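*Asks:* Handing you a structure now.
The values are calculated or read from the model by the stated rules, or taken from the named source; none is laboratory data. For clarity, every value in this text was computed on a predicted model and none was experimentally measured. Note: ideal-geometry Cβ built from the backbone for every residue, glycine included; neighbour counts use all protein chains shown. Note: areas computed on protein heavy atoms with side chains; ligands, DNA, RNA excluded. Shrake-Rupley method; radii C 1.70, N 1.55, O 1.52, S 1.80 Å.
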Amino acid sequence: MHIKDKEWWKETVIYQVYPRSFKDSNGDGIGDLPGLISKLDYIQSLGVGLVWLNPIYASPNDDNGYDISNYEAISPTFGTIADFNALLAGLHSRGIKLIMDLVVNHTSDEHAWFIESRKSRDNPYRDYYHWWPAEKGKPPHRYSFFDKKGDAWQYDPATDSYYLHYFSNKQPDLNWENPKVRKEVYQMMKFWLDKGIDGFRLDAISYISKDTTWPVVSKKELAEKYKNDFSYFYSKGPKLHEYLHEMNREVLQHYPNAVTISETPGIEKEEALQFVHVDRQELHMLYHFKGMELGYSKEGFKRPDPNGYSLPAFKKLYTEWNDVFAKEGWGTIYLGNHDQPRMLSRWGNDAPEFRVPSSKLLITFLLTMRATPIFYNGDELGMANIKFEDIQDYRDIETLYMYHFLQAQNEDLEQFIKDQQFGARDNSRTPFQWDATACAGFTTCDPWIKVNTDHAFINKEAQDADGNSPLNYFRHLVQLRKDHLELIYGDYKMYDAEHKQIYTYTRTLEKTATLIILNFSNDLVPYTIPKELHKKQFQLISNNETSLQQEEHELTLLPWQALIFKLK
């Protein structure tokens, strides 16, 4: 069977490890590299081929490591460079590759470059960052995602100037317009690639280029051109693709086996191929945020839509993104990560009677779509949102800043806490649930963030022993995807686009075809297989629930049932 553009990174399954919450080895309540190393056999047992590790660099931890003070040092919280070397060797010896998180839109304000930059206006590091002299008046408004006032310009009295920070004021934005900055970044990338890592996940990479004429963005323009969302403005920097092409030329092309995944907030599907089309010589894969926008109400911050998300809208979105990469380039697909709530609570149903089947259905969806799937640690167990009731329990800068922002505007804080039980990032950052002991086998003492009490029955140890668990289903499906190349490379075709409960699609590679039928609902649903498939023979190869009423082409699907048929 001839497959055009075969690549290992299209065939792999990516497993994202949030090291702070994965496994603590020294009893300080924070996950670390020795803890992670002790669990490599578990990761190998999943069948995944690539680990994406969230930042472990030196950092004051204003934003859980996304504020880096030294790109070439490991944070002592996580361990040492020797621990890192042991982790890399341990993964490679198990046939698993490693990508690191590359955070180069901004640094920490405690990075040596910024410490120098803020000393004086003529410091050699001054133009490593974006500064606006106060004698020119206030700079044009830019929105900050993590600022109590929502202002991305921070006044710094030492030099009577403002510096730019799209994220918190402890995360000043790097000046990519300065070739010295770019050179420093490329050197640092080579440092890690020369250590033997297998690539990078590029954080907020669509924001790196700035229009340094600093045009005023009016409210009208923000609404009409940028959907009232600054991320759509920030991702339109004039030299973004010039810089990514240069990064490829200076670094990536010299490491032909390395892979890059670009996080691209503010990107429309029409722009996606500019990042990953092979002819452009920029990056390999990207992930978008479009799916993550579904299911929220227009009111409030991350307020769930009372009607939930619409399945027809969900199908339309994932079909359109499939079509972007149908002929060229390649995408990823995910339903949860460290910046999102738990996949099960957001897209499935975490009520006791639906938790297991809906976890399995979401696993099925991710492993049967035409894209490289990214799973966030714990989603293979069906871990659920913790749903904190008190702001004191939150650790995430996003939730805490938004709380203060809304408090200053006399908004309804009780409603905000309710909304955060659905959408907060901390829902996915609670400790990994290894077993039913007091701290879930994550640590021996006070964890940095509370453990979900449901670990008493949702944990790795219990699921290992249960043949019908989400964990064992995950292993089965990862293997099924490896065994059926059409589930990787096959063409995707959706059926019954308007059906409000069932998502049906086929994956076809030459003469081999597979049919996937997913019941995204709490109901028993009678369903007729689409007419044009009737002439096929159906062989059931996977079923996440036991019962299935099947007459010729008439099915009765259980709540959250996922079926995979081989078509002959």
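*Asks:* With the checklist (1) of a type outside the set (K, R); (2) surrounded by 14 or more Cβ atoms within 10 Å (Cβ to Cβ); (3) without any contact (Cβ under 8 Å) to a residue 60 or more places away in the chain; (4) in contact with a strand residue (DSSP E or B) (Cβ under 8 Å, 6 or more places away or on another chain) in hand, flag the one item S297 doesn't pass.
*Replies:* In the conditions (1) of a type outside the set (K, R); (2) surrounded by 14 or more Cβ atoms within 10 Å (Cβ to Cβ); (3) without any contact (Cβ under 8 Å) to a residue 60 or more places away in the chain; (4) in contact with a strand residue (DSSP E or B) (Cβ under 8 Å, 6 or more places away or on another chain), S297 misses (2) alone.
*Asks:* For Q421, are the conditions met, namely being surrounded by fewer than 22 Cβ atoms within 10 Å (Cβ to Cβ), out of contact with any helix residue (DSSP H, G or I) (no Cβ under 7 Å at 6 or more places or on another chain) and within 20 Å of A351 (Cα to Cα)?
*Replies:* Considered against the rule, which asks whether it is surrounded by fewer than 22 Cβ atoms within 10 Å (Cβ to Cβ), out of contact with any helix residue (DSSP H, G or I) (no Cβ under 7 Å at 6 or more places or on another chain) and within 20 Å of A351 (Cα to Cα), Q421 comes out as yes.
*Asks:* What strands (runs of 3 or more DSSP E), lying completely within the range 181-294, carry at least 1 residues that are touching a residue at least 12 places away in the same chain (Cβ under 8 Å), touching a Lys or Arg at 6+ places or on another chain (Cβ under 9 Å) and among the charged types (D, E, K, R)?
*Replies:* Per the criteria, 259-263.
*Asks:* Turning to a different aspect of this structure: For the range 155-170: of the residues being more than 14 Å from Y128 (Cβ to Cβ) and under 26 Å from the mean Cα position of the chain (by Cα), which is surrounded by the fewest Cβ atoms within 10 Å (Cβ to Cβ)?
*Replies:* Among residues in the range 155-170 that are more than 14 Å from Y128 (Cβ to Cβ) and under 26 Å from the mean Cα position of the chain (by Cα), the one surrounded by the fewest Cβ atoms within 10 Å (Cβ to Cβ) is N169.
For every residue, the table says whether it meets (1) farther than 15 Å from G378 by Cβ; (2) open to solvent by 10 Å² or more (accessible area, probe 1.4 Å); (3) in a loop (DSSP other than H, G, I, E, B).
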site	(1), (2), (3)
K302	yes, yes, yes
P312	yes, yes, no
K316	yes, yes, no
A326	yes, yes, yes
G329	yes, yes, yes
N337	no, no, yes
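*Asks:* Would you be able to say whether some residue in the range 267-289 is open to solvent by 10 Å² or more (accessible area, probe 1.4 Å), on the phi > 0 side of the Ramachandran plot, at pLDDT below 95 and out of contact with any Leu (no Cβ under 9 Å at 6 or more places or on another chain)?
*Replies:* No, the conditions are met nowhere in the range 267-289.
*Asks:* Please go through the range 522-555 and pick out each residue that is open to solvent by less than 10 Å² (accessible area, probe 1.4 Å), at pLDDT 85 or above and closer than 20 Å to V356 by Cα.
*Replies:* Answer for the range 522-555, where residues must be open to solvent by less than 10 Å² (accessible area, probe 1.4 Å), at pLDDT 85 or above and closer than 20 Å to V356 by Cα: V525, S542.
*Asks:* Select from the range 450-464 the residues that are buried (at least 17 other Cβ atoms within 10 Å of the Cβ) and either assigned to a helix (DSSP H, G or I) or among the hydrophobic types (A, V, I, L, M, F, W, C) (or both) and list them in ascending order.
*Replies:* V451, D454, H455, I458, K460, A462, Q463
*Asks:* Scanning for something within 23 Å of the chain's Cα centre (by Cα), within 26 Å of F432 (Cα to Cα) and in contact (Cβ under 8 Å) with a residue 24 or more places away in the chain, does the range 484-497 turn up at least one residue?
*Replies:* So far as the range 484-497 goes, no, none of its residues is within 23 Å of the chain's Cα centre (by Cα), within 26 Å of F432 (Cα to Cα) and in contact (Cβ under 8 Å) with a residue 24 or more places away in the chain.
*Asks:* Looking at the range 97-110, is at least one residue open to solvent by 20 Å² or more (accessible area, probe 1.4 Å) and among the small types (G, A, S)?
*Replies:* No.
*Asks:* Has the range 362-372 got any residue that is out of contact with any Pro (no Cβ under 8 Å at 6 or more places or on another chain), closer than 19 Å to D305 by Cβ and not hydrophobic (A, V, I, L, M, F, W, C)?
*Replies:* No: zero hits.
*Asks:* Just name the residue that is nearest to E320 (Cα to Cα) out of those in the range 465-503 that are crowded, with 16+ Cβ neighbours inside 10 Å and among the acidic types (D, E).
*Replies:* D496
*Asks:* In this structure, does G79 turn out to be on the phi > 0 side of the Ramachandran plot, without any contact (Cβ under 8 Å) to a residue 60 or more places away in the chain and surrounded by 18 or more Cβ atoms within 10 Å (Cβ to Cβ)?
*Replies:* Yes.
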